[in-house]
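The following block contains the structure, expressed as structure tokens.
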Amino acid sequence: MIKKIKTLSSFLCVLIFTSSYVFAEPKQAAIASAHPLATQAGIDILRQGGNAFDAAAAITASLAVVEPYSSGLGGGAFWLVHRSSDKKQTMIDGREKAPMRSTHDMYLDKAGNVVKGLSLNGPMAAGIPGVPAGIEHLVKNYGRLSLKQVLAPAIKQAQEGFAVTERYQKLMGYRKEVIKQYPDAAQIFLNKYDVPAIGALIVQKDLANTLITLANNGRKGFYQGPVAKQLVSSVRENGGIWEPGDLEKYQIIEREPIVVNYNGIKVTSASPPSSGGIVMGQALNILEQFNLEKLDSITRKHIVIEAMRRSYRDRAAYLGDPDFIDIPVDRLLDKNYAGGLALTINSERATPSSELSNIATIDQIGTDTTHFSVVDPEGNRVSATLSINLPFGSGFVAKGTGVLLNNEMDDFSVKPLTANAYGLVGDHANAIAPGKRPLSSMTPTFLETDDRIAVLGTPGGSRIISMVLLGVLDFAEGNAPKSWVSLPRYHHQYLPDQVQYEQGGLSDLEQTALKDKGHVLKEKNRRYGNMQAIMIWKKKGLFFAASDPRGEGSAEVFYYP
Ligand code: DON
């Protein structure tokens, strides 16, 4: 009873204080994205009679223009979709694929050492993009407007330019030296080889033309013909290994999402080649064994950290592209398996990661990205996480196309048990092979109870999964999106064996107590994540939307005229 009252009161508090909700009217919709212009593109398309899938395609294309540091036509994405007419739920997998000339050791030198930067900078780092094919797939199979209508806002934004913001400047700061090496990228994204001033306009004429070709010819406009030719020749001239067949053969795959039940909440999330749904599902299964709400905050965080440690360990051991390896999904998500793992958690002491069975000995049976959420009045919804990996991807723009290529190849395990840019390790499950998709952490998610529906996700590399997990736990406590996106964050990913937390993520007392339990703590020097979330309170017909205060995004709940 006490638990119920607490839950209800915290939910009501949020109801009263949140600014972005309206009462049910015949037609309302909601969008949360990382950039106001992308949210606006989605609203325009909904107002023109498009559904959530048309809006998702428009937002994807717009983000490719106005958030070049996060996603783009040269990158990949997972769009988790729910179609209300037949309740179909599917994950549209537009993840990049390794070029056919990739090899297991392509980033190692003769001595077997990783060549610094090769999987991160320039065309060698780029997988074959999936976003253009995904845009067409969404519109053709689920939308109701034409590709031309849906791409119109992004084309206009590319032609007219968007203004440089603080976030742009900060992320460019990390990648400027790489971008300077590639004149086509430097010309678009830098000002005389320097970070452009706030408010400077970034105009992308070549990208606008590539988008127009995509609008006119569909995926063929990107994966075949002059754009494809230009992409391949430019990559090759700059030391890359793409071939025309790589682009021509790229295929979108629809995959069954991962579904788990956590204390009565149906959690639907990304399936492999993302690790998101399985790792989060496994952690939730472990946490279900504890009555988290009854625990004090220190013990609760300790248990959550230990659940993260165990599920990220299995990520490293078992997960990769399901078209190349067998993943023991049923076992990993088995409640009994989670029960066994829960028993290994000592509520007084941290379990050193080295004491969990080493991933290499387990038998084999078995900083940038973006997220948006959209719900239309019919109840169609999309949760999409899109990426070119690090800020501004590989830093390389293929000449004449305006397409900034990803550096998603670094998401492979380029050498067994060697950490990637996010400190993640892996082994043969995620080894490089031609045509394979690198393992991702992107975790676009839906949550559903009798009463509420949620759509959420975030960028943040390896920390994506733990951020969404904390969001799910907050939803379970009855809180609304504004709370999920603002929550202080902490994280454990098995290796390195440390609890990472953002400034303010752990109180002084929690820090002392967790150290006392044997945890090694590591404060990140900045706040992380950029969560975009929507919730519908079904009974009252209330829509809530919230954009992470750490970013520059916008969340809108709006009526149709
Ligand atoms: O797919 C993945 O897991 C990564 N490429 C995501 C990268 C990311 O979120 C960077 N953001 N800060």
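The values are calculated or read from the model by the stated rules, or taken from the named source; none is laboratory data. Quick caveat, the model's predicted, so the values are computed rather than measured. Positions of Cβ are backbone-derived with ideal geometry, glycine not excepted, and every protein chain shown enters the neighbour counts. We work out accessible area using only protein heavy atoms, side chains counted, and drop any ligands, DNA or RNA first. Shrake-Rupley method; radii C 1.70, N 1.55, O 1.52, S 1.80 Å.
If you scan segment 453-474, which residues turn out to be of a type outside the set (D, E, K, R), within 12 Å of the ligand (Cβ to nearest atom) and either open to solvent by 10 Å² or more (accessible area, probe 1.4 Å) or assigned to a loop (DSSP other than H, G, I, E, B) (or both)?
The answer is Thr458, Pro459, Gly460, Gly461.
Would you be able to tell me the number of residues in segment 361-396 that are of a type in the set (A, V, I, L, M, F, W, C) and either near the ligand (Cβ under 9 Å from one of its atoms) or modelled with pLDDT under 95 (or both)?
Total satisfying the criteria: 4.
Leu417 versus (1) surrounded by fewer than 24 Cβ atoms within 10 Å (Cβ to Cβ); (2) modelled with pLDDT of 95 or more; (3) away from the ligand (no atom under 16 Å from the Cβ): which is the lone unmet condition?
Unmet condition: (2).
Could you say which residue among Tyr142, Tyr107 is more than 21 Å from the chain's Cα centre (by Cα) and under 20 Å from Tyr422 (Cβ atoms)?
Unique residue meeting the criteria: Tyr107.
Can you tell me which residues in segment 172-206 are within 14 Å of Thr401 (Cα to Cα) and either modelled with pLDDT under 95 or of a type in the set (D, E, K, R) (or both)?
Answer for segment 172-206, where residues must be within 14 Å of Thr401 (Cα to Cα) and either modelled with pLDDT under 95 or of a type in the set (D, E, K, R) (or both): Asp184, Lys205, Asp206.
Here's a follow-up. Search segment 369-396 for residues that are open to solvent by 10 Å² or more (accessible area, probe 1.4 Å) and pair each with any residue that is among the hydrophobic types (A, V, I, L, M, F, W, C) when their beta-carbon atoms are under 6 Å apart and the residues are at least 6 apart or on different chains.
These pairs meet every condition: Pro377/Ala29.
In segment 475-500, what residues are out of contact with any Leu (no Cβ under 9 Å at 6 or more places or on another chain) and assigned to a loop (DSSP other than H, G, I, E, B)?
His492, Pro496, Asp497
Right, next: Have a look at Gln511, Gln503 and point out the one that is polar (S, T, N, Q), more than 21 Å from the chain's Cα centre (by Cα) and assigned to a helix (DSSP H, G or I).
Matching residue, one of Gln511, Gln503: Gln511.
Give me the residue from segment 305-338 that is assigned to a helix (DSSP H, G or I) and of a type in the set (A, V, I, L, M, F, W, C) and, out of that set, most open to solvent (accessible area, probe 1.4 Å).
Ranking the qualifying residues of segment 305-338, first place goes to Val329.
Just for segment 163-195: of the residues that are open to solvent by less than 20 Å² (accessible area, probe 1.4 Å) and in contact with a strand residue (DSSP E or B) (Cβ under 7 Å, 6 or more places away or on another chain), which one is farthest from Pro132 (Cα to Cα)?
Filtering segment 163-195 for residues that are open to solvent by less than 20 Å² (accessible area, probe 1.4 Å) and in contact with a strand residue (DSSP E or B) (Cβ under 7 Å, 6 or more places away or on another chain), the one farthest from Pro132 (Cα to Cα) comes out as Val164.
Mind listing whichever residues of segment 503-548 are within 16 Å of the ligand (Cβ to nearest atom) and open to solvent by 10 Å² or more (accessible area, probe 1.4 Å)?
Hits for segment 503-548 are Lys524, Asn525, Arg526, Arg527, Gly529, Ser547.
Looking at segment 430-442 only, could you name the residues that are more than 9 Å from the ligand (Cβ to nearest atom), buried (at least 24 other Cβ atoms within 10 Å of the Cβ) and either in a loop (DSSP other than H, G, I, E, B) or hydrophobic (A, V, I, L, M, F, W, C) (or both)?
Arg437
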